[in-house]
Every structure is written in C-alpha cells, then in structure tokens.
1. Obtain the nm distance between the two label points defined at GLU139 and THR79 by a simple spin-label model: each point lies 7 Å from its Cα along the Cα-to-C-beta direction.
2. Only Cα pairs under 8 Å and at least 6 apart count here; give the relative contact order of the chain as a rounded whole percent.
3. Using helices alone, what [θ] at 222 nm do you get for the chain, with -39,500 (n - 2.57) per DSSP H run of 4 or more residues, divided over all residues and rounded to the nearest 500?
4. Collect residues whose amide H, placed 1.01 Å from N in the peptide plane, falls under 5 Å from the amide H of GLY232; neighbours closer than 5 in sequence don't count.
5. Taking all protein chains together and a probe of 1.4 Å, list ASP231, ASP203 from the most accessible to the least accessible.
6. Expressed as a fraction of 2.2 N^0.38 Å, the rule-of-thumb size for a compact globular protein of N residues, what is the C-alpha radius of gyration of the chain?
7. Search the structure for amide H atoms under 5 Å from the amide H of ALA167, placed 1.01 Å from N in the peptide plane, and list their residues when 5 or more places away or on another chain.
8. Take a quick pass over segment 8-251 and tell me how many lysine pairs come in under 18 angstrom between Cα atoms, counting only ones 8 or more apart or on separate chains.
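The values are calculated or read from the model by the stated rules, or taken from the named source; none is laboratory data. No experiment lies behind these values; they were computed from the predicted model shown. Here Cβ is always computed from backbone atoms with ideal geometry, including for glycine, and neighbour counts include all displayed protein chains. With ligands, DNA and RNA removed, areas are computed over all heavy atoms of the protein, side chains included. Shrake-Rupley method; radii C 1.70, N 1.55, O 1.52, S 1.80 Å.
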Amino acid sequence: MAKNARKKLIAGNWKMNGLAASAPEFVRVVGAYQGLKDSVDVMVFPPFTLLTSFGTASRGVGVLVGGQDCHAKASGAHTGDVSAEMIADAGGQAVIVGHSERRTDHGETDADVRAKAEAARRAGLVAVICVGETKEQRESGEAKAVVSRQLAGSLPDDAAAPHVVVAYEPVWAIGTGLTPTAEEIAEMHGFIRSEIVGRFGADAGAKMRILYGGSVKPDNAKEILATADVDGALVGGASLKADDFLAIARAAG
Ligand code: PEP
C-alpha cells in the first residue's frame with residue numbers, strides 16, 4: 001500500500017497527572033493543531049477529571065480526547081469505574097485499554113482488555129489497545145510469543161480500522177528513557193502486522209495503525225516515526241509539555 005495510506009497518529013497519555021491549572025498546555029496543543037492536521041492525527045488522554053473541559057476546548061478543531069481506561073459494562077454497581085458510554089457522554093472519542101500499568105496495577109487480563117475494547121466499540125469510541133513484553137520476557141526470547149498471545153486475547157473479533165488502533169509498548173521502555181533499536185521496533189511492528197493480517201485479512205492489516213510507545217521524546221521521535229510499520233506514537237511523559245508533544249507531532253508530519 002502507499003506509504004501515506006495510514007495517517008500517523010500521535011497520542012498523549014497524561015496518566016495520573018494534570019490539574020485544572022494544566023489546561024493551558026492542552027490549549028497550546030489545540031492552538032497549534034491547525035498547522036498540523038493535514039499530516040497527523042492527534043489524541044490526548046487526560047485524567048477523567050479533565051476530560052470534559054479538554055473536550056470542550058478542542059471541539060471542532062480535530063484534536064481528539066479520550067479516557068485512559070473504561071469498564072466493560074455500560075453502567076452499574078462498580079464504584080470508582082467509568083464506562084465507555086460515560087467517556088463518550090463527556091465528549092471523548094477514544095479510550096486506551098490494556099495499558100501495562102492497568103495490566104500490572106489492576107491485574108487486567110487479556111479477556112478484560114478485550115471486553116473493554118468491545119465496550120469502546122459499543123459506545124462509538126476508538127480503542128487504543130496496548131500490548132508489550134517485560135524486560136525479562138524480552139531477555140528470555142519470549143517477546144513475540146507474549147505479544148502474539150496478548151493480541152489474540154485482547155483484540156475483539158471485529159477489530160478493524162479506524163475504530164481499533166494497536167499500541168506496541170515494551171514495558172521496560174515505559175518511563176525509563178530506554179527504547180528498543182529501530183531494527184527491533186521494525187521487527188516487532190512487522191510481526192504485529194503479520195499477526196493482524198493472519199487473523200483479520202490483508203485489507204484490515206494494511207489499514208490498522210500500530211503505534212510505538214515507550215520513552216518517545218522530541219530527540220528520538222523522528223527516527224522512531226520513520227521506522228517501517230510505525231504509524232504513530234503513544235507518548236506518556238513527553239505529552240505533558242505542549243512544546244515536547246508538538247515537537248513529536250511535527251516529527252510525524
Ligand atoms: C505510556 O505511558 O504509554 C508511555 C509510553 O510512557 P512514556 O512515554 O513516559 O514512556
């Protein structure tokens with residue numbers, strides 16, 4: 001397929017960071033997006049407390065906002081949880097599911113992640129489904145087997161672009177300043193695409209975006225984003241500063 005058939009996507013995961021006073025950083029991203037929107041899609045995932053105000057600030061501009069997690073059910077007795085329908089109701093268009101911090105901190109299984117991705121579809125949200133191996137798994141040569149298992153268990157049977165995006169995030173690269181080499185990223189992304197083609201067919205495989213996540217910064221973004229089968233980035237720490245996040249978005253253009 002043509003190299004530009006999958007528009008690059010830069011997604012910012014604010015994690016448990018950000019108060020109302022942080023909104024100007026997001027407003028700067030929104031303000032700069034006009035000059036970027038032809039070359040790159042941008043999503044920002046603030047904490048739930050900021051979702052409505054960010055959704056209002058970006059309405060009509062094209063910067064999409066979303067939740068960092070959702071419950072699989074639409075409503076019910078689940079204290080502290082937020083449903084995909086609630087994210088949509090608050091102005092969100094997307095949700096991250098299966099982030100390694102959710103898998104580790106909350107014991108989320110592949111089946112949980114799949115149910116959340118199905119909930120996202122039900123609510124009309126884009127699901128950014130995260131997979132990735134730990135340091136020990138990479139060192140013992142299991143990285144592809146782990147990612148293959150996560151993809152098989154976490155992606156719903158109707159997964160397809162544009163409502164499903166896969167994010168490959170090696171756990172050992174998140175927040176550490178470490179990244180795989182470009183060759184290692186290309187190898188894993190090529191493998192993920194072949195797994196998607198094997199399960200969903202060549203057309204689905206050609207269209208689905210695969211993001212790289214893990215210590216993407218302004219100074220390594222260009223090389224990572226130019227790597228084969230990398231269709232964008234899921235950015236944690238560097239998404240909190242508008243200058244850094246915009247530099248990464250510009251590197252995708
Ligand atoms: C993430 O949390 O998804 C992430 C990639 O974090 P960081 O960019 O800080 O490594």
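1. That separation, rounded to one decimal, is 4.0 nm.
2. This gives 21 percent for the chain.
3. For the chain, the value works out to -12500 deg cm²/dmol.
4. Those lying under 5 Å, H to H, from GLY232 are LEU9, TYR212.
5. Output order, biggest surface exposure first: ASP203, ASP231.
6. Ratio of Rg to 2.2 N^0.38 Å for the chain: 0.93.
7. Long-range HN contacts for ALA167: ILE129, CYS130, VAL131, LEU211.
8. Number of lysine pairs found: 12.
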